[in-house]
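Okay, so here's the structure we're looking at.
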Amino acid sequence: MTISLQELEQAINYWRIQRPATGEECALSPEVNALASVYALMIFHQTSALPFEMIDTIAQQLINAWRNQKAL
C-alpha cells in the first residue's frame, strides 16, 4: 500500500480541523506536525507517493485514523 502526496494533504487538512494550531505563534498540533514532516520529505525528494511502510508509526496511525473516518 502507498500514500500519495494528495492523500497526505487530505490527511493533514483533516487533522488541521480536528486539532487546529494554537497560541499566538499558531503552533501546529503534534498530529499535524508529524504528517507535515512526511509531507516535507516527499516535497524535498520530489516524490508523489511513498510505500506506507516507509512512514513512521505515528504518522501511519494518523493516516489510518483519517482513512477510517473518510470511509464512514
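A few remarks follow.
- Hits in region 20-42 - residues which are hydrophobic (A, V, I, L, M, F, W, C), surrounded by fewer than 13 Cβ atoms within 10 Å (Cβ to Cβ) and within 13 Å of the chain's Cα centre (by Cα): A40
- P51 satisfies every condition listed in (1) closer than 21 Å to A65 by Cα; (2) surrounded by 11 or more Cβ atoms within 10 Å (Cβ to Cβ); (3) not hydrophobic (A, V, I, L, M, F, W, C) except (2).
- Test: residue in region 9-19 that is more than 11 Å from the chain's Cα centre (by Cα) and surrounded by 11 or more Cβ atoms within 10 Å (Cβ to Cβ): yes
- You will find that of Q61, Q46, the residue that is without any contact (Cβ under 8 Å) to a residue 60 or more places away in the chain and surrounded by 12 or more Cβ atoms within 10 Å (Cβ to Cβ) is Q61 and no other.
Throughout, read-outs are computed from the coordinates displayed, never taken from laboratory work. Since this is a predicted model, take the numbers as computed values, not measurements. Note that each Cβ is placed from the backbone with ideal geometry, even for glycine, and that neighbours are counted across all protein chains shown.
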